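To start, the structure itself, in structure tokens.
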Amino acid sequence: MFQHVDVYPGDPILTLNESFAGDPRPNKVNLSIGVFLDDARRLPIMGAVLEAETAILKQIGTRPYLPMEGAPSYRKAAQSLLFGDDSMAVGEKRIATVQTIGGSGALKVGADFLKAYFPDAQVWICDPSWDNHRSIFSGAGFKVHAYPYYSPVTQGVDFEAMKAALQKVPQGDIVLLHACCHNPTGADLTEQQWRELVPVFRERRLLPFFDIAYQGFGEGIEQDAFAIRHFTSEGLVSMVASSFSKNFSLYGERCGSLNVVCPDSAQAENVLGQLKSAVRRNYSSPPTHGARIVAMVLEDMRGRWEDELTAMRSRILAMRSGLYDALHASRPDRNFDYLLKQKGMFSYTGLSQEQVRRLREEYGVYLIGSGRMCMAALTQDTIAPVAEAIVKVLD
Ligand code: LMR
């Protein structure tokens with residue numbers, strides 16, 4: 001019956017994480033999957049999250065289905081975190097928001113919605129991008145293309161090439177954009193560059209689809225939402241997939257949201273209806289627990305949560321400069337500036353597949369095959385061995 005079923009070659013990120021779990025070496029270091037660890041190498045439970053969860057568990061009650069679109073308090077909180085408390089689009093009820101199963105669920109619901117209403121559009125993702133972007137959009141039936149993004153020479157964004165490519169994208173196509181903390185490169189656009197993209201999207205009637213999974217890990221809650229808020233205030237329609245996995249350290253609770261910024265409230269209402277229909281077809285309705293935590297934290301403990309998030313961001317910056325110092329001390333002839341310039345959880349090291357293989361097999365240091373390193377999983381005590389291993393595999 002199932003003889004024709006292909007072998008699954010595995011996911012470039014999740015399968016590597018499984019290999020790491022099965023690696024018996026005690027000194028192994030996992031810098032592959034994008035998770036934030038504390039300095040004791042544990043996934044932190046944020047204080048605000050613990051306080052909210054404890055309060056929720058004290059008043060445990062019945063558990064009815066949530067509506068297809070999710071919990072109202074969660075949707076409202078997610079919307080204002082992304083678009084700002086004073087957003088005109090929010091005030092004018094122009095944004096259709098649904099609670100989703102993580103950021104991936106948001107992308108999938110969004111992709112299904114788009115395929116139903118823009119069947120001939122094509123999707124453009126940056127080169128490189130998070131591997132699952134291509135999988136989700138092609139899985140929804142889209143033809144997926146790549147536009148230039150990263151320059152290995154400058155170890156930053158090749159903005160001129162990106163802009164020139166977007167100017168040639170067919171009218172009406174969908175363009176996936178990383179709002180902040182680009183995954184996998186850590187190379188972000190400047191505010192000025194985001195401003196420069198607005199006329200390109202407007203003239204070519206392109207649909208921007210923002211993915212924001214690291215709000216608060218780059219420069220701050222408000223700064224990291226700049227692109228989304230700027231496009232919205234310029235009157236562009238857009239879609240936004242967000243995730244609370246990292247900034248609440250709630251990975252397994254799968255808390256995300258999909259937001260569609262529409263020209264008016266009537267269209268937003270219809271879009272919301274179709275998003276609900278896409279949710280129903282995929283998983284019917286989202287789960288309750290994580291959403292209750294996020295909503296309570298954002299409503300009642302926002303200050304405490306933001307302080308904790310700031311401390312997480314500072315820890316990542318300390319890891320960046322710590323690794324930079326260690327590498328620079330051993331190899332002053334090489335340029336490691338990218339560690340200091342890139343933003344968020346990830347750095348793109350420029351290490352080859354072969355060097356990454358050697359790091360894993362010979363030294364137990366796990367990076368993604370592309371050379372992406374999760375800076376947020378590095379700790380004070382792993383900086384020195386990781387730097388040593390990297391130096392050994394450099395030419
Ligand atoms: C990552 O890029 O490592 C994370 O977003 C986790 C994932 O699902 O791939």
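Taken together, the values in this text are just the output of simple stated rules run on the coordinates, not laboratory data. Because the structure is a prediction, the values reported are computed rather than measured. A quick note on method: Cβ atoms are made from the backbone with ideal geometry, for glycine too, and the neighbour counts reach across all protein chains shown.
Summary of values
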| item | result |
| --- | --- |
| Shape call, the range 179-334: gyration tensor on alpha carbons, a/c limit 1.5 | oblate |
| Partners for Lys276 among lysines (Cα-Cα distance below 30 Å; same-chain residues under 8 apart left out) | Lys76, Lys93, Lys108, Lys115, Lys143, Lys246 |
| Among 35-42, 106-113, 89-96, the order from most to least packed when residues are scored by Cβ within 10 Å on average | 106-113, 89-96, 35-42 |
| Convex hull of the range 218-304 built on C-alpha atoms - directionally averaged projected area, nm² | 6.9 nm² |
| Rounded FRET efficiency, nearest 0.05, which uses the C-beta distance separating Ser80 from Lys341 and R0 of 22 Å | 0.10 |
| Euclidean distance of C-alpha centroids, the range 116-152 and the range 270-340, integer Å | 22 Å |
| Counting all C-alpha pairs of the chain, share separated by more than 41 Å (%) | 13 percent |
| FRET E, pair Asp300, Ala266, Förster distance 45 Å, beta-carbon r, rounded to 0.05 | 0.85 |
| Nitroxide proxy distance, nm - points 7 Å out along Cα→Cβ at Lys163 and Arg63 | 5.1 nm |
| Relative packing of peptides 71-79, 265-273 - highest average C-beta neighbours within 10 Å first | 71-79, 265-273 |
| Convex hull volume of the range 24-70 per residue (C-alpha atoms, cubic angstrom) | 192 Å³ |
| Qualifying aspartates and glutamates (Cα of each under 20 Å from Cα of Lys163; at least 8 residues distant if same chain) | Asp127, Asp173, Asp188, Glu191, Glu196, Glu203, Asp211, Glu234 |
| Two-decimal Rg/Rh across the range 107-194, once Rg and the Kirkwood Rh are taken from alpha-carbon atoms | 0.97 |
| Interchain or long-range residues, amide H under 5 Å from Ile101's placed H | Ala106 |
| Value at 222 nm in deg cm²/dmol, rounded to 500, when DSSP H runs of n ≥ 4 in the chain each add -39,500 (n - 2.57) | -14000 deg cm²/dmol |
| Contour excess over end-to-end distance, with Cα ends at Glu234 and Asp333 and 0.36 nm allotted per residue | 31.1 nm |
